[in-house]
Every structure is written in C-alpha cells, then in structure tokens.
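**Student:** Here you go, one structure.
We did not get these values from a lab; they are worked out from the coordinates using the rules stated. The structure presented is a predicted model; accordingly, all values stated were derived computationally and were not measured. Here the Cβ positions follow ideal geometry from the backbone for every residue, glycine too, while neighbour counts run over all protein chains shown.
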Amino acid sequence: MNALARPSLGQRLRTRVMALVRRLGARAYLLLAAVFSLLIVADLGLLNLVSAAETRLFDLLISHRVATPRPDPEIVIVDIDEASLAGMAQEHGRWPWPNRVLGELVAGLERQQPRAIVFDILFSDRDTQRPESDAAFNAVIAKSTTTFFPMLRLDPQNDRLSRIPTALLPGVRPLPGSSGDPAAPIAMILPKVPAALDNGRMGTHQVTPDKDGVIRRYPAWLEHAGWRIPSLPQRITEEFGFPGVEQLTRLGQREVLLNWRGPPFTYRYVSFVDLYRDLKSAQPQRPGDEFADKIIVIGSTAPSLFDIKGTPLARIHPGVEILATAIDNFKNGDALHERPRWVMIGAALLLIWSMAIALYRQIHIEVFDTVFGVLQGGLVLIAYAVLNLSSWYLDTSAPLSLGVMYFTVVRLYYGVAQGWLAGGQLMEMKAMQQGSRLLAVLALRLDGASAAERRRLKGEIDQMVARSTLGACRVSRLVEDPGLVQQVFSDAMLVYWLAEDPATDWTADADRIEAALRRVRPRQRWNQRLVCGRRAAQLSWQTTEQWHAAAASTILAALNATYTPTEAC
C-alpha cells in the first residue's frame, strides 16, 4: 500500500495555493498594492473603470443637489415649440419658416433694447424659393447690434476640401505662443447671412458628449492650425466683458464642466408664436420693456426638430437650454472648478498604500472594514458637500473605485489566508493514509468574555499567528454543531503546530503568543482573565480514522486544561 493516496486535482491546487499564501503572508498586501500602482501609473485599463465611475458619481451628485444655483433671470429662451409650429403653420408652413419671420421678431425685440439676441439656429442654406425673405432678414441683421449667430465645425478630415481660411473666421485669434497658419483651411458651416459675417458676432455651438452620450462639458474654444476659435458663449462673454472672462482666462481650459441650474425647463421660456403675434399686434398685451437688458436665446424644444440631448439631469434635455446654461456659466464665471486628475489619482494611491500597510501590520480586520467603510462614505459626503456649498466639484471617484477594487482583492486574499490556512495543515493530513507528526495545541479562553471581547481576542491571536516562524495556525471553527458541545467550547480558541521533527521547539512560539496576549487590554484585566492550556503528542497513525482520534484526543486535552486551573499553563 502506498503511504500517500493520490490527491485529486482540487486537493493539489488547494495545497499549492496554501503554500503560496503561507510563503507570502502579509507581504502579499504590499505586493498587491504595488501591482495596482503599476497598473494605475501605466494606465493599463484601470483608469477606464475610473472614468466610468467618475461620470456616474458626477451624475449622481449633480442631480441630487440640495443647493442648486438659480438660473440667471437675465437669460430668456424664446421657444419654437410644438405650439409655435402648429400656430404658424397656416400662414408660414411648419418649418423652416421664411427668414423674414425671424427678422420681424428681431426687429420687434430690439425696440425693447435687449442686451443680446442669440440664435441657436444654424442658417446653413439660402432660401432659393423666397430670396426676398432672405434679403429682408439680412437688412434687419445689418442694422442690429445685438444679434449673435452660431457656426458649425465639421469633421477635420474635410479641412483639405474647404476654401475657408481659419484666419478669416470672426473672433479667431492665435494661440498663446503661436502665430497661427494664415493659409490653413477649415471645414466650417457659416451662416448664409452676409450681415452676420460682416458684424462678426459668431461662435461655434456644437458640444461633444462623453462616451456614454451624455453632455457634461461645454467648449470655451476650438483649436486649429495654431488658432483659437471661440464658442458662442465665449464670444458673448468677451463681447460684454462679463465676469466669466476672468475665470476662463485664469483656468485656460478648452472646455468647462457645466454647473447645471436644474432639470429641463428651469429657465424662463416664452413661446415663439405668442411673442411674435404680440409684437406684430396693433395693441400688444405684453410689457414694452419685458426683454430690456435680457439675453434672449432663440431655439427649439419641439421634438420634431430633434434638438434634444442627454445630460446628467435628464435623458431628453433641450439643446437650447444647454446653450443657455453654458451662457449662464460663462457670463457669471461659476462653471464648476476641478482639481487636476492626477491629484485624485494620487489620493487613490495613498488610500491603497495606507490599506496595504495597515494589513501588513496586522490591523484587526473588523477595524479595517469599519475604517474603510467610513472613508468611502466620507469621500462621497465630502464631494457632495463641496458641490452644494461652492462651485467646485471634488471628483473622488478615483479613490472610491480604485479603493473598492483593492479592498475586494485583499479581502478575498484575507479570507483565503484565514480560512484555508487556519485548518490547512489539518486538512492535508486527511490525504495521508499513514504517517507520524508532532501535534502541539495551545487552547486559549478569556473568562467572562463578551462577544466583542471574543472578537478582539480572535484578532489578537490572528496577529500573533501571522508572525509565527514555525507555521502556527488557528482553528477557525472548532465546533459547528449549535448544541451542547458548542456551548461548552464556544469561548475557547485553538492555536496548533504540526511538525515532522519531534524536537521542534513549539513552546517558545506558544510563550510568545501568550505573553503578548497578556500585555494587551490592561484595563479589561486580560492578564488575569486569560486562561490557557497546552498539550503536545507525537501522533502515529495507519488510517485516517486513527489520525482523527489521536488529534481529537490532544485537542480535547488542551481544551480541558483551560477549565482545570491546576493544569493550566
């Protein structure tokens, strides 16, 4: 008969894992922290997960703010809504209407001396069927000093096909430290309104959503061939010298994180058809100074015109209100400030290494779990408080997500280390049909211990066992049966040694563990309340059943010693 039964694949794998875990010990936490740090610094996939967590955290916090900034009362949206499309259809058709209609609206509004009239309409084509309408509209714009028009940047791949020199675009200026290429063409759709090109009050109005299709930022300018092309909100801000100019200049960012004012239809809306009819009426009903000093944004919320986008506040958000929000942010200089991303990545690395060092130093796992939970909740609360009380967004998604990933991995490792290794050597004996080993057992019990004290004792024992140089192990579950036997031995904990050499000096290891335990918790008098029992035996067996019986006898003798003071160590 072979001395060893052939172990199964699962047993061999378990043995190898246990050997690796025992060899690494608490150093594995530092090794895992180093691996995480390398992946983060090298940007090998983990930061993609951070980006996803970043957008989810921002959306959650911004959509549940308690203190939301109010929309600027000077910004009013003239809405080409479904009611306007229906109301104007009989006289002018559904859409597009003759540009003369928009010219009549502009002329009527300018009599009230608004600060700006901003079109969120791209006049990309001439009205070939009604040229007189375009001429009338152009005449109104030529006299206007308040109108602003958008222009649309096309795919850069089309630049070589364009005949529009970047240097001739209205409002364009060289980038700092660059003279700009005067001959560089750019693919851009300009308004087919000559007067709009002449007055030069234009800017880009497209926004680029994030990977999930949600708009969270708005560009201050676009860059091309050494030139800076302003966006429409930036152009308005520069034209009137609003306070936001200083913020944008100071930040020097190509795009800003929008400080949303609320869900859709937060701003004041006026239906186009109602306003148009009142302005043309012989007896207008609306106040004659209703739009004095106002910034009027003309756009559409009609679903049939498809100017809707996704934002953190709503899956269907009118594009005209996104433009109004950007103008509001740029005008008042309260777009959300952000810390550089590397700051939060550094915070994540600090958190990971703090956890690694704490586990390496054998902190109580219950304390570790509690502190980690408090830190994670605290990071969310801090970000939420800062967002509500200021115009800063403190993006804590990196320490949150990376911290959770590291925590998950190390807790799995801890579970393997504590669960498998606690009874690992005893489990290995099951595969041996015969053999001989020294089995030494140290039983520990704290008189009158509460449940909390038993947990603390377990944590202290785990720390001592982890520092053992002789391979000490703690039995994780002595008795699983919930009956009388468990009640008798529920307070006791076992540390054991298994050695092939019968001369192994396990007593020195046991003395170290006991002495260390007697020094902790002096106020709770652990030194007086700790009771221990020791037993050792050279076990020889021919069958697994003999091994079970011999090991049980030694363990029970050690347990019994804790209840027999005269025999206790």
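**Student:** Taking Rh as the Kirkwood radius, which is the inverse of the mean 1/r over Cα pairs, what is the Rg/Rh value for the chain? Let's see the in-between values first.
**Tutor:** Numbers: Rg = 37.4 Å, Rh = 30.1 Å.
When Rh is taken as the Kirkwood radius, the ratio is 1.24.
**Student:** For segment 75-333, what value does the Rg/Rh ratio take when both radii are computed over Cα atoms and Rh is the Kirkwood radius, given to two decimals?
**Tutor:** Values: Rg = 18.2 Å, Rh = 19.1 Å.
Checking Rg against Rh, the ratio lands at 0.95.
**Student:** Only Cα pairs under 8 Å and at least 6 apart count here; give the relative contact order of the chain as a rounded whole percent.
**Tutor:** In percent, rounded to a whole number, it is 17.
**Student:** Calculate, for LEU412 and VAL371, the FRET efficiency according to 1/(1 + (r/R0)^6) with r their C-beta to C-beta distance and R0 25 Å; round to the nearest 0.05.
**Tutor:** In this case the efficiency is close to 0.85.
**Student:** Using just the helices of the chain, give the 222 nm mean residue ellipticity in deg cm²/dmol: DSSP H runs with n ≥ 4 each add -39,500 (n - 2.57), and the total is spread over all residues, rounded to 500.
**Tutor:** So the helix-based figure for the chain works out to -15000 deg cm²/dmol.
**Student:** Here is a follow-up. How high is the FRET efficiency between LEU152 and ARG70 when r is their beta carbon distance and R₀ equals 41 Å, given to the nearest 0.05? Write down the numbers at each step before the final one.
**Tutor:** On the way: r = 31 Å, r/R0 = 0.76.
Result of the calculation: an efficiency of 0.85.
**Student:** Rank the residues HIS92, HIS317 as a footprinting-exposure proxy: fewest other Cβ atoms within 10 Å of their Cβ go first. Provide the component values of the computation, followed by the final result.
**Tutor:** On the way: HIS92 16, HIS317 23.
The fewest-first ordering by Cβ neighbours comes to HIS92, HIS317.
**Student:** Where does helix 544-562 land angle-wise versus the long Cα axis of the chain, in degrees 0 to 90, nearest 10?
**Tutor:** 90 degrees
**Student:** Taking 0.36 nm per intervening residue step and subtracting the Cα-Cα distance, what contour gain separates LEU161 from ARG27 on full extension?
**Tutor:** Working: separation 134, 0.36 × 134 = 48.24 nm, distance 6.13 nm.
Length gained, LEU161 through ARG27: 42.1 nm.
**Student:** Now a separate question. So, in nm, how far is label SER540 from label LYS280 when the simple model puts each one 7 Å beyond its Cα toward the Cβ?
**Tutor:** Simple spin-label model gives 11.4 nm for this pair.
**Student:** Let me ask another. Provide the FRET efficiency to the nearest 0.05 for the ARG467-VAL343 pair, computing r from the beta carbons and using R0 = 45 Å.
**Tutor:** Details: r = 37 Å, r/R0 = 0.82.
Here the calculated transfer efficiency is 0.75.
**Student:** Another one. Which percent, nearest 5, of DSSP beta bridges in the chain are antiparallel? It would help to have the intermediate numbers written out before the result.
**Tutor:** On the way: 38 of 60 bridges.
Rounded to the nearest five, the antiparallel share is 65 percent.
**Student:** Count the lysine pairs in segment 75-333 that are 8 or more places apart or on different chains: how many have C-alpha atoms under 29 angstrom apart?
**Tutor:** Within segment 75-333, the lysine pair count is 14.
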